[in-house]
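I have placed the structure first, in the form of structure tokens, so that the comments after it can refer back to it.
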Amino acid sequence: MPGNRIHQLSASLVNRIAAGEVIERPAAVVKELVENAIDAGASSILVEVEDGGRELIRIVDDGGGIAPEDLPLAFASHATSKLAGDDDLFRIATMGFRGEALASIGAVSHARILSRTSDADAAYEIFNRGGAISDAQAAAGNVGTTVEVRNLFFNTPARRKFIKGAATEFGHISEMLLRLALPYPHVAFRLSHNGRKALDLPATSAEERLLAAWPDDFRELRLPIDYRDAEIRLRGLVGLPELARPTGKYQFLYLNGRHIRDKFIQHALREAFRGLTEPGRYPAAVLLLELPAQDVDVNVHPTKIEVRFRDSGRIHGLVMAGIRERLLGSDLTPTAIPIRSDAVEAPRVEMREKLAEFFRQMPSEYAATVSAPALSPSPGTPGEGRGEGDFERRSTFEIPNHPHPNPLPEYRARGPELTPLALPSAPAIQLHNSYLVAQSDDGLVIIDQHALHERIMYEELLARVTRGPLESQRFLIPHVVSVSSRQLALLDQIRPLLERLGIEVTPFGPDSVGVQAFPSFLEKLDAGTFVRELLERGEQELLDMHGEELLHEILDMMACKAAVKAGDPLTPAEIEALLARRALVERSSNCPHGRPTTLRLSLRDLEKQFKRTGF
Ligand code: ADP
Ligand code: MG
């Protein structure tokens, strides 16, 4: 504006501006103050809130306290006890380090700190009224610190307007406190709203504390994680695939005790559950990552929610391997009847070492163990197909010459709890041409024939592809498919991958392509239709995918097309062959799309249902 001179903003105004970024709502105040209490070594932290935090936020801790002469500095901008030299910025071990939180909060509220160190004979208090800081005065108080924040945003009406109703703001506070508490099991956290108790987390074991993140009925469906390399450690819990939900509500991610969001780690988690959950679902997981402070930069985001890893590829690999290994070593078969906590013995069998070994060797070892002849589907018996369009034509599988070519390395034997992979001991029967019912060691299993065959095909294909290109069959006359320019571009991008899969596609005129070769095991399918469908799907969903992810997607599609369908009658020999191969694949309890292949009913469940037991 004309006439206005350039001038230095007052410190209090700078703080009010900065406070707008970090302190955007009452929950942010709680976050900063609770982090300070944790940094101060508190073993008990009490949070009292009135009117959703608009009236009062009070945090009482029993930590180390602040010396009286430091009290005015606590409210000063850019004043901290947590960074000594510049280098410290690259090895931050505390939650706070910018020295701005108390200054920012004081600038937009009526704040008071009451604090006493263990060697002081009295407590001292100091006030900050929207940036006007009082002298420290002696007062009555215990060792530790109490910070009170009243009338939040009293001098920033624009911000105050954005505060929602008390219930909403309190909801944010409660979520925030839970998030803060999860990695600190030895600290007790309590929260009250308008005098009413809202959250009570006594000091407990690490695993118990993490379970506070989830509803009670998740408890028995958890898998503890503890996995590490020389410097990085991953601890926490993941839920069995059936606990995956349409939102990330039950996912919590921490780095060195600090809650973060991270695309790499989320991706690694998703990949670890690939094929076990339906696409678009978020596995339940509370993951605590610990790594040397100098390997990560936490100073990239105002609220520190995002971080930058020095070697994100390594983190990705470790998270994926750790979780995948745990999943592969566990019984993932959903139970037909929801089981109450009394029926499940946790924790499940530990096969850590052997599985770690297995996982490391997976691509080569595993590929070599799958018997190739068993893969090729044999032509369907005439008259048995359902004729559901040329794509859905029936294809069955060949009965392997030796039903059990002993392909499993010895260490893949499973403990007694992992019964679902044990072969049924009596012949199975087919119901409605769709389901197989078989006896298992401890009850019975119901198998979705399409889902199981699809799963087996997928695993076998994956194993084959890791050994080299799939065997293909060349056409005398190519199958011509018309394509859009977008599809052509996609095709260029995925051509090398398609070649690995035995599909050769070449340009054929301005807006069509010719399919020259197609995998032998898919010979029952129409190659042109398959490629057209692949490109149509690709346009919508596959364009952003790369490498492995894309490979898995296409393998999924192939397996689905090649597998027996619901409604296909199977001969006893075919049923036997299918069940025999069930043991050959890992994770056979879920089809590649994440739907379960097998439901299990134990004798105990049956007895409960028939009211033979007291439960
Ligand atoms: P930071 O946490 O980034 O250092 P803050 O503004 O949050 O900045 O706090 C400033 C300083 O006040 C801290 O460095 C710490 O020395 C002291 N302090 C704040 N809260 C507490 C507390 N609850 N107990 C002990 N010291 C505290
Ligand atoms: Mg702080």
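Please list, or write none, the lysines whose alpha carbon is within less than 22 Å of the alpha carbon of K561, excluding same-chain residues fewer than 8 places away.
Here the lysines satisfying the reach criterion relative to K561 are K524.
How would segment 481-560 be classified by its alpha-carbon gyration tensor: rounded, prolate or oblate, with rounded meaning a/c under 1.5 and the a/b versus b/c comparison settling the rest? Write down the numbers at each step before the final one.
Values: a/c = 1.57, a/b = 1.07, b/c = 1.47.
Oblate, because a/c is 1.5 or more while a/b does not exceed b/c.
Beyond 26 Å between alpha-carbons counts as too far, so tell me which of K249/K304; K31/K263; K249/K608; K161/K197; K249/K565 fall in that bin. Please list the in-between numbers first.
Numbers: K249/K304 20 Å; K31/K263 23 Å; K249/K608 33 Å; K161/K197 28 Å; K249/K565 35 Å.
From the list (K249/K304; K31/K263; K249/K608; K161/K197; K249/K565), the Cα-Cα distance tops 26 Å for K249/K608; K161/K197; K249/K565.
Do any GluC sites (Glu not before Pro) in segment 134-235 lie in a DSSP loop with no more than 15 other beta carbon atoms within 10 Å, and if so, which? Please list the in-between numbers first.
Numbers: sites: E148, E169, E175, E207, E208, E220, E231; in loops: E231.
Of the GluC sites (Glu not before Pro), the ones in loops of segment 134-235 whose Cβ has at most 15 other Cβ atoms within 10 Å are E231.
Three principal axis extents, largest first, for the C-alpha atoms of segment 85-241, in Å?
Principal extents (Cα only, largest first): 54, 42, 32 Å.
With every protein chain left in place, what is the accessible area per residue of segment 98-222 in square angstrom, probe 1.4 Å?
Working: 5900 Å² over 125 residues.
I get 47 Å² per residue for segment 98-222.
Could you work out the local net charge near A206, counting Lys and Arg as +1, Asp and Glu as -1, over the other residues with Cβ closer than 11 Å to its Cβ? Present the calculation step by step, with values, prior to reporting the outcome.
On the way: positive: R209, R235; negative: E207, E208, D226.
Net charge in that neighbourhood comes out at -1.
The values are calculated or read from the model by the stated rules, or taken from the named source; none is laboratory data. The structure presented is a predicted model; accordingly, all values stated were derived computationally and were not measured. Every residue, glycine among them, receives a Cβ derived from its backbone with ideal geometry; neighbour counts consider all protein chains shown. Accessible surface areas use protein heavy atoms only, side chains included; no ligands, DNA or RNA. Shrake-Rupley method; radii C 1.70, N 1.55, O 1.52, S 1.80 Å.
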